[in-house]
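To start, the structure under review is shown below, and the notes come after it.
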Amino acid sequence: MRRTSTLSITLGELARIQPLAGAESHLADPSRKVEQVVLAETFDRLRRCTPHVLVVLHDEAATGGWSLAAALHLAWERNLSAVVVSRTVAGGASVALAERLHMSLIVIDDDPIDIALQLAGQVSAPAAARALRQARLAEQLAEQTGIRGVLGVLNRELQHVPVALVVGGVVVAGQSAALTDRPQVRQLEVEVHAPGERSAARLIAAVPLPGPAAVDQVESLLRLARPSLQAAWAQSRLDTATRAAHEQAAFGLLRRLPQASSGEAAEIEVPAWTSELGWQVGEANRAVWLAPLRPSGEPPAEITYLIRASWQRGHSTWPLVAEGDGWISWHSGTDPDDVTALRRALAGFRDSAVAHRLAIGIGRAHPGVGGLMRSVAEARLAAHVAREGGPGAVQWFDQVGANAALAWLPTTEIAQVADLCLEDLMAAKDRAALVQTVLAVLDSGGSLSQASQRLGVHRNTVLARLARARQLGLTYEEPGQRLALHVLCYALTSLWSETGTEHAQPA
Amino acid sequence: MSGPAGYIGASASITAEDVPALYEGAKFYSPAVGDANRSSITSWLAGLLDRNGPVPLLRVEAVAPETPCVSVCVLGSGSAMADLPPAGDEFEMAVRQIERLQRVEFGAVYPLAAATISALVAVVTAAQLRVPLLDADGMGRTFALIHHTAMHLSGVSPTPLAAVGPTGESVLVEVPAGPRADRMLRANVDTVGGWAALAAYPTTAGVLRRAALPGTVSRIANVGRLLLDRTDPDVLVTRLGTITGCRRLARGRIAELEHLSRPSDVTIPAHPSSLVVEETGGLGRQLRIELRSEIVAVFADGALIAGAPDLIGLLDVSRGVLATLDSLEPGDLVDVLVTPADAVWYSPRGMEMVGMASHGIPLAHPRRR
Amino acid sequence: MPAQGDDVAHIGVTLRPHRAHAAVVLGATVLPVEPVAPARTDLEGVIAAAVGVALRAAPGGAGAVTVDLAPLLFDTLLRPEAEVPPVAVVRIVPRAATDPALARSPAELVERRIGRRWTVAGGHDLLGNELCPLDRDGLARLGTELAATGIRHVAIVAAGSQARPAHEREVADAILAAVPGARISVASDYGGQGLVAREATVVIDSALTALTERVLDRCERTLARLPGSLELRVARGDGGYSTPSRIRVTPVVALGATEALELCGAAHLAGLDNCRVLLSRDGHPVAGEVRHGLAVVRPDEPAGIGTELVVPMAVLTAVPATTPDDVPGRGADVPTIKPDAEPHVLACVGAAISQPASWLDEVAFIESADELDRVRRDAEERATAMVMANGAAPGTTHVAEISTVAVPYSPSGTIRIRVRVAGSPDTSLAGR
């Protein structure tokens, strides 16, 4: 007769299916193989057991007290795989002794004879037992509604085999040990496509070789998890309104993390719940700020919905968090210089941006949660600058630099200051042209020709306007006042161009 | 058997001054029952010895072979006896009943078991009857049932026997087969208050020369003197070893007491329980000590290291005294001592009767492996 | 409401025959109390001085005063000439003793307090089965004879009354009817093992009643005159404490407290929860143990009494002179300490830090493991109720020790169960 090629079942596998799944297991070594099951009614029977036997104690051999201690000792002497015994005879001291002898002890509530019969069947037909295990696992997976839950089930089931869910090189859930390259470990990959997704996620498992779990078993278990993962994903996107609130709250939490942790050097760990939202916070996080040209407080939920629909088209893992007068999103990757995905997304979003009258600011790429927050701040500054460019304008922070500060000037208040201290100028009808001219000259470092070029007027016109401006109190040449007046002119120009109330008339 | 120097055996007498040593030594050979009535039992015996004079302690060979002899013991629970002390005449009454039945007058008394209170009541009875006490007994320690004796192994019948309770009520038992007597008596013992004075194994000194275990009364007196010395436990164990052959198996703290975890045989008094002791120092082993009315087995990490008929006792290390089984508490630091029993108990018939198998432990005795 | 909290000082007092000692414990510090003569010779002066020290030292004021009466009580028992009212003893057993030694207590100290003895036929076995009907005619005669003697303190012990106190109660009722105002102590209040030990316990209990009343009255009057609301507590033989009202009815419980307090005090000063403590008694080294902050106690024969008692005490055992105690081996897994402080300081510290405590020692019959659990739970609950009666705040109690052992050579299923419960002070009990 040919020996079957099926691997012996392990103690760990047996302990995961009924009848032992419901038992109290104290496993010294779950990878111990079990070759045979023996129902021992006497100590004589126990003495005749061969190594790798799982022994179920019964009757005389299970009278408790001394008998379990003696049975554990015999099992240790005979190199048995495990001792199964009824709860009525197993006390805390027995568990302690089993641990001391490094002998697996399984405490059952059911009839030892029934258990022994069931176990004997499972051990003699490992394939059937494994099928049973898969069925049980499928049930457990089906009960999970979250991505983390699914990965939790997989990792619990596959002890010693770390499993991770990876999107674009980033671990979204599970144990990142699955990605570490180690000798004697074989990495398994199973692709998971979310419905309508462009980017595919992968389940990765690191299977030790040789190990208790065969590669093909692990692979079939990973495949089992696929539908649950897809469902969990879909489920987590079902209700956008809930999601919006959820994301907003979650982002608030995330934002508080760097503040809560002391010291800059402190590595802030990315909270596990971020992966539940599909968010990634990785090596290179580049934030995007979508800002309305005319901020009018918190955008209504419907707008958020529309913006989300178009922004997330094809990039469902990219967050969209309503924040103040705009929306935050970000892209995570491993290469800080890789902006291809982002540029593509921006190109796809351009029509929507124009339609919703949005300006877009983009931060630089920074690592970790703290880095993400920094990038968000940069994106916001950039967005303010971008507003100057009108609907659909995109401003990268890398290219704004310190000018971004100007975008933050409280122009209205400055205009009020001007009303008070430059009364004559403010009363003048041509004030806009005068202010714009002085600004252009200051911006150009005093070069009249550059200023006239920028304004599109003749150099003499510039000179004439400067003279009149000086008369009206705009004494920009005095070094002590130059900076203040420069800022003031900038503010007035921004205010008037923003409100559209005044336009410099070409002379 | 030749004892070490200072051995009081051969021909001596027991006086009131010997009572404390007898009590302690008797406890060594059966550490079951606590000291709840030590003072009253010892003052009773000491008072008798003061009033009636010392009791001669004779080797069996020193007594004429045709001398009628009878054994006495306390049947039942020491705790019951502590709570319902003897009126004082129970043992004498039991002996007199057999004398009347057999129309004899006993010329000597011997303890059925030279251990626990039973050793002392034999002296009481001898003092009351004003006859000598034989330096011999039937067990050399205590066993659970009254036919667990060297006399029974030699074919001496325990009956006719008489049992008198503290209530003054009595039963007289005659059975053709010794082992039946114990079963008949147990129910009666419960009825008369949990213990009874037993007079049994009426026979002659000549029979006892081959059927009884010699020197066992003087032995407890010698052991008792050592125990009263209150020496350091380590020194004490060494000294006890020279007299009794005892040695220490381990020292540890009591971690747990387990009860009724398994079915018990109702014919054997006291249900099975077991004691878990964590060895301090040494190998740090987990000891499991199986209790019936006595300690019947000791396992170290599940391996049997001592068992009945070995005499196994516990020494309370911090107090330097023997620990009795009814006063054990988790946290107590104890030495586990094992002393070989008399050779007769390691014979096949002895092992069958009082070995571990009789307590439901189907393992080979460590001495046999 | 008395003061409580970490900044409150607690006072321990130990009453010796010719002078009292006190110490104030405030957190980890111990403040000696050294009243000047002649105040130190009297209880009132020492307590007042201690309270003064406590009030000066502690921002939170003075909390409780725990008094160790044991040396005073024991001295009274020891002195044959001490003024102690005679005690009548009623022993309820199936048959009267035929031997004089069995009819009396083996302890001279106990026997000399007994003015008269009666034996009434009756009693139960350890499991509560009646062995003999109560002799009511004999009981009636006893009533008449007792009334004629003028003895007013009566100790009653019946065989098996731990399991079934019916006979003891009937006798007690009959005596109260015959001698109104008799002060009766019954053995079933204490449980425990051994008729002789139980009898000695109730005899001592009866003998100490009057003295205990007087001393506690004085203590309470003293505290009432002092500023603040000071709670009086009385140390017990097991190292715990109880309320004065409980000790008035069970004074024997206060006997032997000093030893347990010295052990706990020494452990407290050494900052240890588990240790072996070396003390000195009459110049000889003796040792006791502390586990989990409580003195190891058991019902035993206390030194100098001459018989076993059923109230547990810390029994100090002689340390053999042959080997120094600090050699490894004996109890090597716990440290051994030899306190520097005077014994009375240790006792006062032990009193000041003591907790309310209670214990039970009973025999029960079980037929299954479930029944064992039930019996244990039941015993734990009763011991817990007792510790609350002794002054523990509800919810603070914990089972410090529990042991159940099979009673050897008894019918299968007979177990002895012992429970010890400790708690934290209930400060709302002050003034009771």
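The values are calculated or read from the model by the stated rules, or taken from the named source; none is laboratory data. All of these numbers come straight from a predicted model, not from anything done at the bench. Note that we place each Cβ from the backbone using ideal geometry, even for glycine, and neighbour counts take in every protein chain shown.
Filtering C:130, C:168, C:111 for residues that are without any contact (Cβ under 8 Å) to a residue 40 or more places away in the chain and under 26 Å from the mean Cα position of the chain (by Cα) leaves a single hit, C:111. Please determine, by comparing only the residues of the range B:295-306 that are buried (at least 24 other Cβ atoms within 10 Å of the Cβ) and more than 7 Å from every other protein chain (Cβ to nearest Cβ), which one is farthest from residue B:148 (Cα to Cα). Among those residues, the one meeting the criterion is B:298. Restricted to the range C:221-233, and to residues that are more than 15 Å from residue C:264 (Cβ to Cβ) and not in a helix (DSSP H, G or I), which residue is modelled with the highest pLDDT? Among residues in the range C:221-233 that are more than 15 Å from residue C:264 (Cβ to Cβ) and not in a helix (DSSP H, G or I), the one modelled with the highest pLDDT is C:232.
Among residues belonging to the range C:133-143 that are surrounded by fewer than 19 Cβ atoms within 10 Å (Cβ to Cβ) and in a loop (DSSP other than H, G, I, E, B), point out the one that is nearest to the other protein chains (Cβ to nearest Cβ). The residue in question is C:133. Within the range C:337-357, residues that are over 14 Å from residue C:67 (Cβ atoms) have Cβ atoms under 7 Å from residues that are of a type in the set (Asp, Glu) in these pairs: C:343/C:262; C:346/C:262; C:357/C:238, counting only partners at least 6 apart in sequence or on another chain.
Only residues that are under 23 Å from residue B:93 (Cβ atoms), β-branched (Val, Ile, Thr) and more than 7 Å from chain B (Cβ to nearest Cβ) were counted across the range C:93-132, and they come to 2. Out of all the residues in the range B:38-48, which are at the interface with chain C (Cβ under 7 Å from one of its Cβ atoms) and in contact (Cβ under 8 Å) with a residue 60 or more places away in the chain? Correct list: B:44 only. Among helices (runs of 4 or more DSSP H) entirely within the range A:1-80, having at least 1 residues that are away from chain B (no Cβ under 14 Å), crowded, with 21+ Cβ neighbours inside 10 Å and in contact with a Pro (Cβ under 6 Å, 6 or more places away or on another chain) singles out A:11-14. Among the numbered conditions (1) of a type outside the set (Val, Ile, Thr); (2) in a helix (DSSP H, G or I); (3) crowded, with 24+ Cβ neighbours inside 10 Å, the only one that residue C:268 does not meet is (3). Where strands (runs of 3 or more DSSP E) sit wholly within the range C:24-111, those with at least 2 residues that are touching a Lys or Arg at 6+ places or on another chain (Cβ under 7 Å) occupy C:62-68, C:87-93.
One line per residue, one yes/no per condition, for (1) over 22 Å from residue C:267 (Cβ atoms); (2) outside the structural domain of residue C:191 (by TED's automatic domain parsing); (3) at pLDDT 80 or above; (4) surrounded by fewer than 20 Cβ atoms within 10 Å (Cβ to Cβ):
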| position | (1), (2), (3), (4) |
| --- | --- |
| C:300 | no, yes, yes, no |
| C:304 | yes, yes, yes, yes |
| C:308 | yes, yes, yes, no |
| C:311 | no, yes, yes, no |
| C:325 | no, yes, no, yes |
| C:329 | no, yes, no, yes |
| C:332 | no, yes, no, yes |
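The condition (being assigned to a loop (DSSP other than H, G, I, E, B) and under 17 Å from the mean Cα position of the chain (by Cα)) is satisfied by just one residue among C:358, C:354: C:354.
Residues checked against (1) touching a strand residue (DSSP E or B) at 6+ places or on another chain (Cβ under 8 Å); (2) among the acidic types (Asp, Glu); (3) at negative phi:
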position: C:228; (1), (2), (3): yes, no, no
position: C:237; (1), (2), (3): yes, no, yes
position: C:258; (1), (2), (3): yes, no, yes
position: C:282; (1), (2), (3): no, yes, no
position: C:305; (1), (2), (3): no, no, yes
position: C:314; (1), (2), (3): yes, no, yes
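Scanning the range A:377-394 turns up at least one residue that is more than 29 Å from the chain's Cα centre (by Cα) and either over 30 Å from residue A:355 (Cα atoms) or at pLDDT 85 or above (or both).
Residues of the range B:247-257 that are farther than 14 Å from residue B:338 by Cα and modelled with pLDDT of 90 or more: B:252, B:253, B:254, B:255. In the range B:146-171, how many are surrounded by fewer than 24 Cβ atoms within 10 Å (Cβ to Cβ) and within 28 Å of residue C:102 (Cβ to Cβ)? Qualifying residue count for the region: 6.
Selection within the range B:307-333: residues that are β-branched (Val, Ile, Thr) and within 11 Å of another protein chain (Cβ to nearest Cβ). The member of this set that is nearest to the chain's Cα centre (by Cα) is B:324. When each of A:454, A:465, A:459, A:482 is tested for being within 20 Å of residue A:409 (Cα to Cα) and more than 46 Å from the chain's Cα centre (by Cα), the lone residue that passes is A:482. For the range C:112-132, a residue qualifies if it is surrounded by 24 or more Cβ atoms within 10 Å (Cβ to Cβ) and part of a strand (DSSP E or B), and the qualifying residues are C:120, C:124.
Here's the yes/no breakdown for (1) at pLDDT below 95; (2) assigned to a helix (DSSP H, G or I); (3) away from chain C (no Cβ under 14 Å):
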residue: B:144; (1), (2), (3): yes, no, no
residue: B:185; (1), (2), (3): yes, yes, no
residue: B:207; (1), (2), (3): no, yes, yes
residue: B:219; (1), (2), (3): yes, yes, yes
residue: B:222; (1), (2), (3): yes, yes, yes
residue: B:225; (1), (2), (3): yes, yes, yes
residue: B:234; (1), (2), (3): yes, yes, no
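On the given criteria, is residue A:84 within 14 Å of residue A:64 (Cα to Cα), in contact with a helix residue (DSSP H, G or I) (Cβ under 8 Å, 6 or more places away or on another chain), within 11 Å of chain B (Cβ to nearest Cβ) and not basic (Lys, Arg)? For residue A:84, the condition - within 14 Å of residue A:64 (Cα to Cα), in contact with a helix residue (DSSP H, G or I) (Cβ under 8 Å, 6 or more places away or on another chain), within 11 Å of chain B (Cβ to nearest Cβ) and not basic (Lys, Arg) - is not met.
Residues considered: A:60, A:77, A:13. Of these, the only one that is among the acidic types (Asp, Glu) and over 26 Å from residue B:360 (Cα atoms) is A:13. If you check residue A:306 against the conditions, is it within 24 Å of the chain's Cα centre (by Cα) and at pLDDT 80 or above? Answer is no for this residue. Residues that are in contact (Cβ under 8 Å) with a residue 40 or more places away in the chain, within 19 Å of residue C:401 (Cβ to Cβ) and at the interface with chain B (Cβ under 10 Å from one of its Cβ atoms) within the range C:296-315 comprise C:299, C:310, C:315, listed in sequence order. A residue that is charged (D, E, K, R) and either at pLDDT 90 or above or not in a helix (DSSP H, G or I) (or both) occurs nowhere in the range A:84-96.
For every residue, the table says whether it meets (1) at pLDDT below 80; (2) within 30 Å of residue B:80 (Cβ to Cβ); (3) more than 11 Å from chain A (Cβ to nearest Cβ).
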site: B:245; (1), (2), (3): no, no, yes
site: B:259; (1), (2), (3): yes, yes, no
site: B:268; (1), (2), (3): yes, yes, yes
site: B:275; (1), (2), (3): no, yes, no
site: B:284; (1), (2), (3): no, no, no
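Just one of the listed residues (C:90, C:84) is touching a residue at least 40 places away in the same chain (Cβ under 8 Å), under 26 Å from the mean Cα position of the chain (by Cα), over 24 Å from residue B:166 (Cα atoms) and more than 14 Å from chain B (Cβ to nearest Cβ), and it is C:84.
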